[in-house]
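Here the structure is laid out as structure tokens; the discussion comes afterwards.
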Amino acid sequence: MDDFVKPIQAKLSPAEIDRRREAVSQAAANARLEGQFSSPESEAIFDRYVQGELEIGDVIGLLKERHGLR
């Protein structure tokens, strides 16, 4: 599944990790308001993004692949 993802090597600052965590939290809250919930697999992808292992384009690609949209 992750064949096309090349993990980034840069270490993120604590402020950037917090910014990413807040963005993911807000997106999840919006989805819940619409009656949608993330699977554990999707949550793991989001966690990788927050920690700096993935960029947002990688997240989108992995989620599309996971849902058969790629």
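The values are calculated or read from the model by the stated rules, or taken from the named source; none is laboratory data. As the structure is a computational prediction, the values presented were derived from the model and not from experiment. Don't worry about glycine lacking a Cβ; one is built from the backbone with ideal geometry, like all the others, and counts go over all protein chains shown.
Please enumerate the residues belonging to the stretch 4-16 that are among the aliphatic types (A, V, I, L, M), in a loop (DSSP other than H, G, I, E, B) and modelled with pLDDT of 60 or more.
Answer for the stretch 4-16, where residues must be among the aliphatic types (A, V, I, L, M), in a loop (DSSP other than H, G, I, E, B) and modelled with pLDDT of 60 or more: 5, 10, 12.
What's the total number of residues in the stretch 17-52 that are in contact (Cβ under 8 Å) with a residue 24 or more places away in the chain, buried (at least 16 other Cβ atoms within 10 Å of the Cβ) and part of a loop (DSSP other than H, G, I, E, B)?
Total satisfying the criteria: 1.
What pairs come up if the first residue lies in the stretch 59-70 and is in contact (Cβ under 8 Å) with a residue 12 or more places away in the chain, the second is not hydrophobic (A, V, I, L, M, F, W, C), and their beta carbons are under 6 Å apart, counting only those six or more places apart or on different chains?
Here the result reads 59/49, each pair linking the stretch 59-70 to a residue that is not hydrophobic (A, V, I, L, M, F, W, C).
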